[in-house]
Amino acid sequence: MVAHLELDPRKQTILKYVVHDYIATAEPVASRTLVLRYQLQVKSATVRHELAEMSEMGYLRQPHTSAGRIPSDRGYRVYVDYLMPAEKPSPALYEKVERLHQRIGGEVEEILIQTCRILAGATKYTAVASTPQPEAASVRQVVFTQLDKRHVLMVCVLNDSSVKHRILDAPGPLKSSQLAALGDVLVGAVSGEIPEQELLARLPSPDLEQLYRRAASVLKEILRPEPTETVFVEGTSYMVRQPEFKDGEKLEPVLSALEERRCLLEMMRQAANRQDVVVTIGEESPEPRLKECSFVAAPYRVSSGSIGAIGVIGPTRMEYRIAVPTVGLMAKSLSDMFCSMGIG
């Protein structure tokens, strides 16, 4: 069942207010607080019962027996996907972005650093950005030549006119027509649009399947771009100020992950391959050290079509209704800026 459909309208309203209150105060939310602060037209005992039910369902947690409730990762997910009110970035932020467009030079690194600083200041979370990923190469032609009975030379002509070659084991003497057909099948395989069974059926002989698979693996390696991205981080001090991380034992793994660029780079690559803003909450993170954090990121594009990403990292108690549209705006501004400058 879709998670939010488990919650009737009253539970959804209560969950939304629990999220809003906990984000604002960093304190567990009690039923009486909800009734008074949000003018709920029900008794405190009714809200308390609803809170208990949502805790059993996994949308809320109770940190201490006598305390109120706080959202779980599951509760935050329902809030972000279904309950979060739509908000726009402030006019002041648009003005800062416009001023950046007017004064910045043409250096990609400086543009990303300055944009991260604006993003960190606007959200009060740690901002991260990656330089554009190099575009994957594509293949124009694959030609095989028999060297001897047990070896063939595979020559790959890429779309940038560069040439790569590898020597591969062969099943035995092969006809030139078989080698030509094998090259054509490999070119078709690169597109990813033809089912594997159809590609195998195009091989002139079943005996060529092992050579085809080895050649396809080698070709995939040839086409993989060299990792040249860099990650910029601004506003780490905002993480230190969060109430959740006053405990050094909780803060240390988070800072360790922020300092390790390899970890951040992998997260940014995943975000760069998405179409829009992506929100990763707590346990959803592939990085164990960031299980107490949320990551909001969006892709941007440069004029060549290469992509990078920009985003923020903060506690799961994140002001998502501010972070999501702000990250979206900064990603769009980067795309606009880079394309107008012809960068990429």
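Note down all Cβ pairs under 6 Å where the first residue falls in the stretch 183-202 and is of a type in the set (Ser, Thr, Tyr), the second is surrounded by 15 or more Cβ atoms within 10 Å (Cβ to Cβ) and assigned to a loop (DSSP other than H, G, I, E, B), and they're at least six residues apart or on different chains.
Note: no pairs meet the criteria.
Considering Arg117, Arg48, Arg74, Arg99, which residue is without any contact (Cβ under 8 Å) to a residue 24 or more places away in the chain, under 26 Å from Ala272 (Cα atoms) and not β-branched (Val, Ile, Thr)?
Values: Arg117 fails: without any contact (Cβ under 8 Å) to a residue 24 or more places away in the chain; Arg48 fails: under 26 Å from Ala272 (Cα atoms); Arg74 fails: without any contact (Cβ under 8 Å) to a residue 24 or more places away in the chain.
Checking each option against the conditions leaves just Arg99.
Just to be sure before I move on: is Ser55 free of Cβ contacts under 8 Å to residues at least 24 places away in the same chain and either part of a helix (DSSP H, G or I) or in the same structural domain as Phe295 (by TED's automatic domain parsing) (or both) in the structure I sent? Don't jump to the end; show me each part of the working.
Numbers: free of Cβ contacts under 8 Å to residues at least 24 places away in the same chain: yes; either part of a helix (DSSP H, G or I) or in the same structural domain as Phe295 (by TED's automatic domain parsing) (or both): yes.
Taking the combined requirement at face value, the residue satisfies it.
Run Met84 past the list (1) surrounded by fewer than 19 Cβ atoms within 10 Å (Cβ to Cβ); (2) touching a helix residue (DSSP H, G or I) at 6+ places or on another chain (Cβ under 7 Å); (3) at pLDDT below 90; (4) not aromatic (Phe, Trp, Tyr) and report the number of the one that doesn't hold.
Here Met84 meets the rest and fails (3).
Quick one: in the stretch 53-73, which of the residues that are under 16 Å from Lys291 (Cβ atoms) and touching a Leu at 6+ places or on another chain (Cβ under 9 Å) is surrounded by the most Cβ atoms within 10 Å (Cβ to Cβ)?
Pro71
Which condition number does Lys291 fail, the rest of (1) under 11 Å from the mean Cα position of the chain (by Cα); (2) surrounded by fewer than 20 Cβ atoms within 10 Å (Cβ to Cβ) being met?
Against the list (1) under 11 Å from the mean Cα position of the chain (by Cα); (2) surrounded by fewer than 20 Cβ atoms within 10 Å (Cβ to Cβ), Lys291 comes up short only on (1).
Would you kindly identify the helices (runs of 4 or more DSSP H) lying entirely within the stretch 230-277 that contain at least 1 residues that are over 15 Å from Arg289 (Cα atoms)?
It comes to 236-240, 261-272.
So which residues in the stretch 1-38 are buried (at least 19 other Cβ atoms within 10 Å of the Cβ), among the β-branched types (Val, Ile, Thr) and outside any helix (DSSP H, G or I), if there are any at all?
Passing the criteria: only Val29.
Can you find a residue in the stretch 39-51 that is among the small types (Gly, Ala, Ser) and either assigned to a loop (DSSP other than H, G, I, E, B) or surrounded by fewer than 16 Cβ atoms within 10 Å (Cβ to Cβ) (or both)? Reasoning before the result, please.
As a first pass, look at the stretch 39-51 and keep what is among the small types (Gly, Ala, Ser): 44-45.
Subset that is either assigned to a loop (DSSP other than H, G, I, E, B) or surrounded by fewer than 16 Cβ atoms within 10 Å (Cβ to Cβ) (or both): 44-45.
Within the stretch 39-51 (the criterion being among the small types (Gly, Ala, Ser) and either assigned to a loop (DSSP other than H, G, I, E, B) or surrounded by fewer than 16 Cβ atoms within 10 Å (Cβ to Cβ) (or both)), the answer is yes, since at least one residue qualifies.
Cys339 fails exactly one of the following numbered conditions: (1) surrounded by fewer than 18 Cβ atoms within 10 Å (Cβ to Cβ); (2) on the phi > 0 side of the Ramachandran plot. What is the number of that condition?
Status for Cys339: all satisfied but (2).
For the stretch 68-83, state whether one or more residues are part of a loop (DSSP other than H, G, I, E, B), among the small types (Gly, Ala, Ser) and touching a strand residue (DSSP E or B) at 6+ places or on another chain (Cβ under 7 Å).
Initially, the stretch 68-83 is screened for residues part of a loop (DSSP other than H, G, I, E, B), giving 68, 72.
With among the small types (Gly, Ala, Ser) added as a condition, the list becomes 68, 72.
Checking which are touching a strand residue (DSSP E or B) at 6+ places or on another chain (Cβ under 7 Å) leaves us with 68, 72.
Checked against the condition, which is being part of a loop (DSSP other than H, G, I, E, B), among the small types (Gly, Ala, Ser) and touching a strand residue (DSSP E or B) at 6+ places or on another chain (Cβ under 7 Å), the stretch 68-83 yields at least one hit.
Please go through the stretch 11-36 and pick out each residue that is charged (D, E, K, R) and either in the same structural domain as Arg317 (by TED's automatic domain parsing) or in contact with a strand residue (DSSP E or B) (Cβ under 9 Å, 6 or more places away or on another chain) (or both).
If we filter the stretch 11-36 for residues that are charged (D, E, K, R), which is where we start, we get 11, 16, 21, 27, 32.
Answer for the stretch 11-36, where residues must be charged (D, E, K, R) and either in the same structural domain as Arg317 (by TED's automatic domain parsing) or in contact with a strand residue (DSSP E or B) (Cβ under 9 Å, 6 or more places away or on another chain) (or both): Asp21, Glu27.
Residue under question is Glu283, and the condition is that it be farther than 27 Å from Tyr79 by Cα, surrounded by fewer than 15 Cβ atoms within 10 Å (Cβ to Cβ), in the same structural domain as Phe232 (by TED's automatic domain parsing) and at pLDDT 90 or above; does it hold? Give the derivation first.
Working: farther than 27 Å from Tyr79 by Cα: no; surrounded by fewer than 15 Cβ atoms within 10 Å (Cβ to Cβ): yes; in the same structural domain as Phe232 (by TED's automatic domain parsing): yes; at pLDDT 90 or above: yes.
In short, no.
Can you tell me which residues in the stretch 51-71 are over 15 Å from Gln12 (Cβ atoms) and hydroxyl-bearing (Ser, Thr, Tyr)?
Answer for the stretch 51-71, where residues must be over 15 Å from Gln12 (Cβ atoms) and hydroxyl-bearing (Ser, Thr, Tyr): Ser55, Thr65, Ser66.
Tell me which of these Val128 doesn't satisfy, since it passes every other one: (1) at pLDDT 90 or above; (2) assigned to a helix (DSSP H, G or I); (3) under 26 Å from Leu290 (Cα atoms); (4) not assigned by TED's automatic domain parsing to the domain that holds Pro9.
In the conditions (1) at pLDDT 90 or above; (2) assigned to a helix (DSSP H, G or I); (3) under 26 Å from Leu290 (Cα atoms); (4) not assigned by TED's automatic domain parsing to the domain that holds Pro9, Val128 misses (2) alone.
Can you confirm whether Gly188 is of a type outside the set (Phe, Trp, Tyr) and at positive phi? Before the answer, list the steps.
Details: of a type outside the set (Phe, Trp, Tyr): yes; at positive phi: no.
For Gly188, the condition - of a type outside the set (Phe, Trp, Tyr) and at positive phi - is not met.
The values are calculated or read from the model by the stated rules, or taken from the named source; none is laboratory data. In this text, all values refer to a predicted model and were calculated from it rather than measured experimentally. Glycine also receives a Cβ, built like all others from the backbone with ideal geometry; neighbour counts cover every protein chain displayed.
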